[in-house]
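**Student:** Handing you a structure now.
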Amino acid sequence: MGQPESDAELIAAVLKGSTGCFEPLVQKYSPRLFATARRYARRESEVEDIVQEIWQKAYAHLGSFRGDAPFEHWLMRLAVHVCYDFLRKHQRNRETSFTELTEPESDWLDRHVAGSEGDPENAAAAKQLVDRLLAQLSPPARLVITLLELEERSIKEISQLTGWSITLVKVRAFRARAEMRKLLGRIAKDKYL
Amino acid sequence: MDLNRLQQNLFAQARSVPPSDQVPYAFEKRVMASLRAAPPADAWLLWGRALWRGAAACVALSVLLSVWSVWPTNDSEPVTLESAVFAAAEEPGEAW
């Protein structure tokens, strides 16, 4: 019999005790997990800790993977839970007040007001502003905005990833958008009034 | 200023800068080393921990109940077993 290649074969081999068969899974899915973790943590050491924790949990709970959905879906659900736990643990450290806009952020707002939208050169400034705004939101609000607006996932997908009911996702999304608009309103008021 | 439009524009621009998916060098080796170094999950140990936690909660509850039961009440007359048993029979309105 040859080396196991598919996810299902690798998982079956790991469950039989061949720990080494877990490594190809780590190699295959780590880029996706790093991209996900970088949406919630800024420092690279925190990102690494998050991804390592996801893999430790995946290994420990591999027996609960039933195989009726792709392994990636199961892993992403686990990743979202670990990231959410990270946000909740670091809730006290989140920024409580918005410091002044940086020059690129301020320029981006000026361009928006002037009506020149979709300028790809300033996308980094917009991303920075969004990240700073997200850092001020509560963990559920930040998670739901990230999944809904930045990863463009549907309400149903978010419900499956988080384990929240569809109604709860909708309520949290509504509140999160309102929370963010309030912050934006404050920034606009400080800048233009 | 239209805050809805501003918000949507911000999200659209932020989406165009996805986070990096770069994995640190030899990360998978580190993960595998940590998995191999971790002690295997001991079911008895997990059960033991859960039972100790349960025992601690039970002790706390029994202490609270003991304190509550010996706490002096505001009733001027102490309720004796006899008065409690005959309380219903002595109700004046309960005549047949």
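Values in this text are rule-based calculations from the coordinates and carry no lab data. On a predicted model such as this, the values are computed, not experimentally measured, just so you know. Cβ placement follows ideal geometry from the backbone for every residue including glycine, while neighbour counts extend to all protein chains displayed.
**Student:** Exactly which GluC sites (Glu not before Pro) in the range A:1-92 are in a DSSP loop and have at most 15 other Cβ atoms within 10 Å? Kindly include the intermediate steps, with their values, before the conclusion.
**Tutor:** Details: sites: A:Glu5, A:Glu9, A:Glu44, A:Glu46, A:Glu48, A:Glu53, A:Glu72; in loops: A:Glu5.
The qualifying sites are A:Glu5.
**Student:** Using a 10 Å cut-off around each Cβ of peptide B:55-67, what is the average number of partner chain Cβ atoms that fall inside?
**Tutor:** Partner Cβ neighbours, averaged per residue: 0.
**Student:** Sticking with this one: Got a sec? How would A:Lys57, A:Lys189 order by Cβ neighbour count within 10 Å, fewest to most? Show your work: numbers first, answer last.
**Tutor:** Working: A:Lys57 15, A:Lys189 10.
Ordered by Cβ neighbours within 10 Å, fewest first: A:Lys189, A:Lys57.
**Student:** What does the charge dipole of chain A about its Cα centre add up to, to the nearest 20 debye, if the Cβ of each Lys and Arg holds +1 and the Cβ of each Asp and Glu holds -1?
**Tutor:** In total the dipole reaches around 980 debye.
**Student:** Considering only C-alpha atoms, what is the centroid distance from the range A:29-90 to the range A:143-193, in Å?
**Tutor:** The two parts, judged by their Cα centres, are 21 Å apart.
**Student:** Please list log₁₀ I(q)/I(0) at q = 0.21, 0.23 Å⁻¹ for the range A:1-93, using the Debye equation with identical point scatterers on the alpha-carbon positions.
**Tutor:** Debye curve over Cα of the range A:1-93, log10 I(q)/I(0) at q = 0.21, 0.23 Å⁻¹: -1.01, -1.16.
**Student:** For chain A, what is the mean residue ellipticity at 222 nm derived from helices alone (per DSSP H run of n ≥ 4: -39500 (n - 2.57); sum divided by total residues; nearest 500 deg cm²/dmol)?
**Tutor:** Taking each H run of at least 4 residues, the total per residue is -21000 deg cm²/dmol.
**Student:** Taking only Cα atoms of the protein assembly as shown, what ratio of Rg to Rh do you get with Rh as the Kirkwood inverse-distance radius?
**Tutor:** Here Rg/Rh amounts to 1.19.
**Student:** How high is the FRET efficiency between A:Lys191 and A:Asp68 when r is their beta carbon distance and R₀ equals 41 Å, given to the nearest 0.05? Let's see the in-between values first.
**Tutor:** Details: r = 52 Å, r/R0 = 1.26.
Step by step, r from the Cβ atoms, then E = 0.20.
**Student:** Per-residue HN-Hα couplings for the range A:130-138, Karplus 6.51 cos²θ - 1.76 cosθ + 1.60 at θ = phi - 60°, whole Hz, x for Gly and Pro?
**Tutor:** Coupling constants for the range A:130-138: 4, 4, 5, 5, 4, 5, 9, 7, 5 Hz.
**Student:** Within straight cross-link reach of A:Lys16, meaning Cα distance under 22 Å, which lysines are found once same-chain residues fewer than 8 apart are removed?
**Tutor:** Hits, sequence-local ones excluded: A:Lys28, A:Lys57, B:Lys29.
**Student:** Further question on the same structure: Testing the spin-label approximation: label points 7 Å from Cα along Cα→Cβ at A:Leu15 and B:Val70. State their distance in nm.
**Tutor:** Between A:Leu15 and B:Val70, the label points sit 5.5 nm apart.
**Student:** How many partner chain Cβ atoms sit within 10 Å of a residue's Cβ in peptide A:21-31, on average, as a whole number?
**Tutor:** Average per residue, whole number: 4.
**Student:** Take each of the peptides A:138-146, A:14-22, A:26-34, average the number of other beta-carbon atoms within 10 Å over its residues, and list them starting from the highest.
**Tutor:** Details: A:138-146: 21.9, A:14-22: 13.7, A:26-34: 19.2.
For the peptides A:138-146, A:14-22, A:26-34, the packing ranking is A:138-146, A:26-34, A:14-22.
**Student:** Work out the mean other chain Cβ neighbour count within 10 Å for the residues of A:5-11 and drop it here as an integer.
**Tutor:** Taking the mean over all residues of the peptide, I get 0.
**Student:** Taking neighbour counts of Cβ atoms within 10 Å as a proxy for exposure, in what order, fewest first, do A:Met180, B:Met1, B:Met32 appear?
**Tutor:** Lowest count first: B:Met1, B:Met32, A:Met180.
**Student:** Step through the residues of the range B:22-34 one at a time and calculate ³J(HN,Hα) from phi using the Karplus curve (6.51 cos²θ - 1.76 cosθ + 1.60, θ = phi - 60°), rounding each to whole Hz and writing x for Gly and Pro.
**Tutor:** Couplings: 5, 9, x, 4, 6, 4, 5, 5, 5, 4, 5, 5, 5 Hz.
**Student:** Right, here's the next one. Per-residue HN-Hα couplings for the range A:80-90, Karplus 6.51 cos²θ - 1.76 cosθ + 1.60 at θ = phi - 60°, whole Hz, x for Gly and Pro?
**Tutor:** 5, 5, 5, 5, 5, 4, 4, 4, 5, 5, 9
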